[in-house]
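The values are calculated or read from the model by the stated rules, or taken from the named source; none is laboratory data. This one's a predicted model, so the numbers in the text were calculated from it and none came from an experiment. Positions of Cβ are generated from backbone atoms using ideal geometry, with glycine treated the same way; all protein chains shown enter the neighbour counts.
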Amino acid sequence: MILGFSLLLDVGLITVGWYYNDDAEVSLEELQKKIASLRAQLKKQENQSQILAMMQPKYDALRQLGAIGPEPRLQWVEALHEAETTLKLPTPIRYKLDPIRLYTPPFPLPQGQGFQLYASRMELTLGLVHEGDLFDLMDFLEKKKVGFFQFTQCKLDTMTNEPLEGKKLKAGVNLKGMCLLEWFTFQSMDNKTS
């Protein structure tokens with residue numbers, strides 16, 4: 001009888017052990033899956049941190065350049081005035097700067113991760129000694145690094161004795177240049193732009 005009771009108790013203990021062993025194995029598998037998931041998330045965050053550390057200086061440089069954020073319109077105009085003096089252009093540069101607008105280029109852009117491309121059109125009128133003055137102006141603005149721009153159209157006319165913008169011509173003004181250029185900026189979609 002003791003032997004039977006002992007055998008019954010052993011069978012019961014083995015059954016309970018298997019039950020708890022199965023339960024422990026299921027818990028272990030769940031914990032291993034959670035650990036794997038946490039490791040994957042940690043790896044993803046480490047990769048994102050590395051990308052952020054690599055891209056942050058480039059982002060800061062673009063922001064400093066005025067390509068990201070509010071338009072540095074005053075810097076654009078100051079660069080034009082500096083170009084007049086530095087390049088010794090024969091007449092002051094006249095400009096008209098249109099309001100900022102959302103810009104859709106003629107080619108597809110990749111998604112901007114929360115940024116949109118804007119542009120402001122500027123009309124320039126200037127007197128030139130020769131066409132090289134126009135190329136010098138483009139080069140000057142490029143080297144000045146006051147923003148991203150693109151000359152979209154330029155027209156050169158031979159000057160007669162007619163005044164330029166109502167002012168008397170200085171000696172040596174041979175051409176009248178009329179150009180359109182676009183100043184580009186990226187702005188956060190969160191910002192309201194007028």
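Worth a mention:
- In region 166-194, the residues that are in a strand (DSSP E or B) and of a type outside the set (Asp, Glu) form Cβ pairs under 7 Å with partners that are buried (at least 18 other Cβ atoms within 10 Å of the Cβ) and modelled with pLDDT under 70, at six or more places apart or across chains, as follows: 176/164.
- Contacts under 8 angstrom Cβ, first residue in region 126-145 being within 15 Å of residue 78 (Cβ to Cβ), partner assigned to a strand (DSSP E or B), 6 or more apart: 137/126; 141/149
- Selection count where residues are closer than 30 Å to residue 132 by Cβ, part of a helix (DSSP H, G or I) and among the small types (Gly, Ala, Ser), scope region 57-87: 2
- Test for residue 99: is it assigned to a loop (DSSP other than H, G, I, E, B), exposed (fewer than 15 other Cβ atoms within 10 Å of the Cβ) and within 18 Å of the chain's Cα centre (by Cα): no
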